[in-house]
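A.B. asks: Quick one: the structure is below, and I'll ask about it shortly.
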Ligand SMILES: Cc1cc2nc3c(=O)[nH]c(=O)nc-3n(C[C@H](O)[C@H](O)[C@H](O)COP(=O)(O)OP(=O)(O)OC[C@H]3O[C@@H](n4cnc5c(N)ncnc54)[C@H](O)[C@@H]3O)c2cc1C
């Protein structure tokens, strides 16, 4: 295994070999059956990918953000569902516990995540609160020695397999963002159930569920960070998460580009060669932006705006290149089970997940303009 100081190229080679051995041949089946084979999850754990970017002190596998994006891109090249499962586990569950948890929480919750013994999930979205996460209505109250949570969470990745779910709830919706706190919900908590497993257009195999909290009781030590700091924790996690999701979109864009290139000849009609050239330009811009956002993270510079640009451009590139792949393949590109069709469906979900394109545009516009007194929900 590469050590803490290993360059990202070493992690990339390792992930490339892993995708070739365990993932590529399974991609069509993962999509059709809408589940990840246990063998793939076990192999991800034994290769230490679940501990990527987490310090050895907490049983992590080390590696910087550039290594993480390299691994996510290589895995997504094989199967977007495999990469997204890992991205959610690492960036919006394990990392916020590392950054905001105390040592007891890191001991109890982070170690098993870093060792790949448990899979992490993140539950912010609700049936009535997606982009406007400050409007969430899942309630918590203090009771006896802990907290009681009640409400529903929607579109939650990894929640069926999850060992730990980072969940956000409000003491009182009237308090707005100041009322929101984050909690670590261990698996097997009484009162937590999966109401439905959602059947999706793409990223099939990355499980997405509705989670119901019916007076779920949590001990005091499940509160992450300060009471009332939940939205700040969630939005910070999502900024890092967007770099990971952008890397997953990049992997799909690269796979779609390779499929497209294989189907275009130099003496083909002009429009096909133009599409290939445009796809190359889109891919190159996405790659540069993902690398820039990851490098900023690694060097401790502000990266929220760059994460949004990377996510915006990489997900658009994936959709546009995969769409050209379908156009160039014609009828064959619309057939269920063809690579062009699967890549298009997978790509189409990236502009939605972890903040839609419109929300990234709002974040960008805000970062480019003088501050106003308007409240900031994003
Ligand atoms: C595959 C998948 C996995 C997911 N996994 C998770 C997860 O693990 N955890 C989690 O908490 N959530 C998860 N989500 C939820 C995801 O983050 C939300 O879908 C996303 O934030 C958008 O929310 P929404 O679907 O409610 O859409 P809405 O917020 O209802 O938006 C609908 C449309 O309106 C636009 N819109 C909304 N508000 C504005 C505005 N102010 N200005 C301009 N346009 C606007 C949006 O861009 C979008 O086009 C997942 C979603 C998907 C599809």
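The values are calculated or read from the model by the stated rules, or taken from the named source; none is laboratory data. Please read these numbers as outputs of a predicted model, since none were measured by experiment. All Cβ positions, even for glycine, are placed from backbone atoms using ideal geometry, and neighbour counts span all protein chains on display.
A.B. asks: For segment 256-265, state whether one or more residues are more than 20 Å from residue 351 (Cα to Cα) and surrounded by 24 or more Cβ atoms within 10 Å (Cβ to Cβ).
C.D. replies: Here is the first cut: in segment 256-265, the residues more than 20 Å from residue 351 (Cα to Cα) are 258-265.
Next cut, surrounded by 24 or more Cβ atoms within 10 Å (Cβ to Cβ) only: 260.
Yes, the conditions are met somewhere in segment 256-265.
A.B. asks: Could you pull out the residue among 66, 42 that is without any contact (Cβ under 8 Å) to a residue 12 or more places away in the chain and surrounded by fewer than 24 Cβ atoms within 10 Å (Cβ to Cβ)?
C.D. replies: Answer to the selection: 42.
A.B. asks: Does segment 275-305 hold any residues that are closer than 15 Å to residue 67 by Cα and assigned to a loop (DSSP other than H, G, I, E, B), and which are they?
C.D. replies: Of everything in segment 275-305, just one residue is closer than 15 Å to residue 67 by Cα and assigned to a loop (DSSP other than H, G, I, E, B), namely 299.
A.B. asks: Search segment 148-182 for residues being closer than 21 Å to residue 210 by Cβ, in a strand (DSSP E or B) and touching a helix residue (DSSP H, G or I) at 6+ places or on another chain (Cβ under 7 Å), and hand back the single one that is nearest to the ligand (Cβ to nearest atom).
C.D. replies: Among those residues, the one meeting the criterion is 157.
A.B. asks: Okay, next question. When residues of segment 204-232 are filtered for being part of a helix (DSSP H, G or I), in contact with a helix residue (DSSP H, G or I) (Cβ under 7 Å, 6 or more places away or on another chain) and crowded, with 22+ Cβ neighbours inside 10 Å, how many remain? Reasoning before the result, please.
C.D. replies: Pass one, segment 204-232, residues part of a helix (DSSP H, G or I): 220-222, 230-232.
Okay, now just the ones that are also in contact with a helix residue (DSSP H, G or I) (Cβ under 7 Å, 6 or more places away or on another chain), so 221, 231.
Now restrict to residues that are crowded, with 22+ Cβ neighbours inside 10 Å: 231.
Result for segment 204-232: 1.
A.B. asks: Residues that are more than 11 Å from the ligand (Cβ to nearest atom), farther than 30 Å from residue 266 by Cβ and either assigned by TED's automatic domain parsing to the domain that holds residue 33 or surrounded by fewer than 19 Cβ atoms within 10 Å (Cβ to Cβ) (or both): does segment 347-358 have at least one?
C.D. replies: Of segment 347-358, the ones more than 11 Å from the ligand (Cβ to nearest atom) are 347.
Those still in the list that are farther than 30 Å from residue 266 by Cβ too: none.
The answer is no; no qualifying residue exists.
A.B. asks: Identify all residues within segment 120-147 that are over 24 Å from residue 358 (Cβ atoms) and more than 12 Å from the ligand (Cβ to nearest atom); write none if there are none.
C.D. replies: 139, 140, 141, 142, 143, 144, 145, 146, 147
A.B. asks: Continuing with this model, one more query. Can you name the residue in segment 274-301 that is farther than 20 Å from residue 52 by Cα and within 20 Å of the chain's Cα centre (by Cα) and, of all such residues, is surrounded by the fewest Cβ atoms within 10 Å (Cβ to Cβ)? Step through it out loud before you land on a result.
C.D. replies: The initial filter retains those residues of segment 274-301 that are farther than 20 Å from residue 52 by Cα, namely 274-289, 301.
Narrowing the set further to residues that are within 20 Å of the chain's Cα centre (by Cα) leaves 283, 286-289.
On the way: 283: 22, 286: 27, 287: 21, 288: 12, 289: 23.
Filtering first and then ranking leaves 288.
A.B. asks: Would a scan of segment 114-130 turn up a residue that is without any contact (Cβ under 8 Å) to a residue 12 or more places away in the chain and part of a strand (DSSP E or B)?
C.D. replies: Yes.
A.B. asks: Looking at this structure, is residue 72 within 16 Å of the ligand (Cβ to nearest atom), more than 18 Å from residue 287 (Cβ to Cβ) and either outside any helix (DSSP H, G or I) or within 11 Å of the chain's Cα centre (by Cα) (or both)? Reasoning before the result, please.
C.D. replies: Working: within 16 Å of the ligand (Cβ to nearest atom): yes; more than 18 Å from residue 287 (Cβ to Cβ): no; either outside any helix (DSSP H, G or I) or within 11 Å of the chain's Cα centre (by Cα) (or both): yes.
No.
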